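**Q** Got a structure for you, questions after.
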Amino acid sequence: MKLRKVTAASATVFALALTATACGGDNSSGGDSGSDGGKTITVGIKFDQPGLGQKTPQGYAGFDVDVATYVAKKLGYNEDQIEWKEAKSADRETMLQRGDVDFIAATYSITPERQEKVDFAGPYLLAHQDVLVRADDNKIKSPKDLNSAKLCSVTGSTSAQNVKDKLAPKAQLQPYPTYSACLPGLQNGAVDALTTDDSILAGYAAQSQFKGKFKLGGFKLTNENYGIGVKKGSDLKADINKALEAMVADGAWQKAVDENLGPANYKNEPAPKIGEIKS
């Protein structure tokens, strides 16, 4: 059998091909390739909270999304290198423990019970349980005024029950499946108030179809310290804290609050100091 003669030119082409293959086939970063060849980062957010974390036909939007995007950039990832995953409240600790996500920014209140399972960077927002009422309602001026009110109670949430148990025992709880379902009822008078974190209420009220129709009570019933969750012992915690400090210092944090929650006249607390948890 004759062996084909290998010319110098063909040998050069072959060597170049091997070199190109070796350079292009090795992703030493260990993650999925992004647009510039770098690895991706996986971030958990809410998909159903307007103004905070929402999946829309145009992409992902909200204050938590803006915070997570800023943090990811400080960690070295472009926006197109972020893989977003839905982080439902009941799944957050498990997602972090399993390594499904690198970090979670999803109205994630820092509590002692959660700190036993995961670590938190932050906090990056101090929210409070509050009530949302109609803009023209002047009857509900304090929590005790809820005694004569119909209060929207959302399945799976303890906010309304806490108000009834501790502040307004005569409040009439009206069950609804979601906060979104409460809003039309609040608008048409089927219920008088809706309660959960003021940041979440502001996000719903800031939607274009509801602008100017609702107002926050400003009652500050609880302190909710929103943190960014990471796996227990993760080195990311320190880097995320640095990114959050930078976001506050350069004005991007306040801009994100104003753009996402400002339309509901949300009066935000000053940005909390890293590690400062208010009980």
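**Q** Based on the alpha-carbon gyration tensor of the stretch 116-171 and its eigenvalue square roots a ≥ b ≥ c, which shape applies: rounded if a/c is under 1.5, prolate if not and a/b is larger than b/c, or oblate?
**A** prolate
**Q** Here's a follow-up. Determine the gain in length on full extension of the stretch Ala181-Lys166; use 0.36 nm per residue of separation and subtract their C-alpha separation, reporting nm with one decimal.
**A** Extra length from Ala181 to Lys166 when fully extended: 2.9 nm.
**Q** Computed over the Cα atoms of the stretch 42-111, what is the ratio Rg over Rh, Rh following Kirkwood?
**A** Ratio of gyration radius to Kirkwood radius: 0.94.
**Q** So, one more: Quick check: pseudo-label points 7 Å beyond the Cα along Cα→Cβ at Gln97 and Lys139, how many nm apart are they?
**A** Distance between the two pseudo-spin positions: 4.6 nm.
**Q** Taking the full set of protein chains and a 1.4 angstrom probe, give the accessible area of Thr111 in square angstrom, rounded to the nearest 10.
**A** Its heavy atoms expose roughly 40 Å² to the probe.
**Q** Further, regarding this structure: Can you give me the convex hull volume of the Cα atoms of the chain, divided per residue and expressed in Å³?
**A** Roughly 180 Å³ of hull volume per residue.
**Q** Keeping all protein chains in place and using 1.4 angstrom, which order do Phe63, Phe47 fall into by accessible surface area, from largest down?
**A** Phe47, Phe63
**Q** Given the rule -39500 (n - 2.57) for each run of at least 4 DSSP H residues, summed and divided by the residues of the chain, what is its mean residue ellipticity at 222 nm, to the nearest 500 deg cm²/dmol?
**A** Result for the chain: -9500 deg cm²/dmol, rounded to the nearest 500.
**Q** Another one. Taking all protein chains as present, what is the carbon and sulfur share of the accessible area of the stretch 156-279, in % to the nearest whole number, probe 1.4 Å?
**A** 49
**Q** If you don't mind, there's one more thing I want to ask. Net charge around Leu52, counting only other residues with Cβ within less than 11 Å of its Cβ (Lys, Arg = +1; Asp, Glu = -1)?
**A** -3
**Q** Would you mind listing how long the stretch 109-240 runs along its three principal axes, going by Cα atoms, in whole Å with the largest first?
**A** 50, 34, 25
**Q** How high is the relative contact order of the chain, given as a whole-number percent (alpha carbon pairs under 8 Å, six or more residues apart)?
**A** 24
**Q** Using amide H atoms built 1.01 Å from N in the peptide plane, name the residues 5+ places from Gln54, or on other chains, whose amide H lies under 5 Å from its own.
**A** When sequence neighbours closer than 5 places are left aside, the close amide H contacts are Gln49, Ala61.
**Q** I've got another one for you. Projecting each Cα onto the charge dipole of the chain (Lys/Arg +1, Asp/Glu -1 at the beta carbon, about the Cα centre), which of Asn265, Leu151, Ile277 comes out farthest on the positive side?
**A** Working it through, the farthest residue towards the positive pole turns out to be Leu151.
**Q** Further question on the same structure: Please report the equivalent ellipsoid semi-axes of the stretch 85-156, computed as sqrt(5 x eigenvalue) of the Cα gyration tensor, largest first, in whole Å.
**A** They are 34, 13, 12 Å, listed from largest to smallest.
**Q** Taking the Cβ of Lys220 as the center, what net charge do the other residues with Cβ under 13 Å away carry, scoring Lys and Arg +1 and Asp and Glu -1?
**A** -3
**Q** Keeping all protein chains in place, calculate the accessible area per residue for the stretch 193-234 (probe 1.4 angstrom), answer in Å².
**A** With all protein chains present, the stretch 193-234 gives 35 Å² per residue.
**Q** Right, another one. For the stretch 70-142, with every protein chain kept in place, what is the accessible area per residue (1.4 Å probe, Å²)?
**A** So the stretch 70-142 comes to 46 Å² accessible per residue, rounded to a whole number.
**Q** A further question on this structure: Please work out the FRET efficiency for the pair Thr222 and Glu83, using the Cβ-Cβ distance as r and a Förster radius of 25 Å; give the result to the nearest 0.05.
**A** Calculated value: 0.15.
**Q** For helix 8-25, report the angle its Cα long axis makes with the longest principal axis of the Cα atoms of the chain; keep it between 0 and 90° and round to the nearest 10°.
**A** Taking Cα atoms only, the helix is inclined about 20 degrees.
**Q** How far apart, in nm, are the 7 Å Cα→Cβ label points at Lys39 and Glu116?
**A** According to this spin-label approximation, the distance is 3.2 nm.
**Q** Still on this structure, please answer the following. With labels modelled as points extended 7 Å from the Cα through the Cβ direction, what inter-label distance (nm, one decimal) is found for Ala252 paired with Lys73?
**A** 0.4
The values are calculated or read from the model by the stated rules, or taken from the named source; none is laboratory data. Just so it is clear, the model here is predicted, and its values are computed rather than measured. FYI the Cβ positions are ideal-geometry reconstructions off the backbone, even for glycines, and counts take in every protein chain you see. Accessible surface is based on the protein model in full, side chains and every heavy atom, while ligands, DNA and RNA are left aside. Shrake-Rupley method; radii C 1.70, N 1.55, O 1.52, S 1.80 Å.
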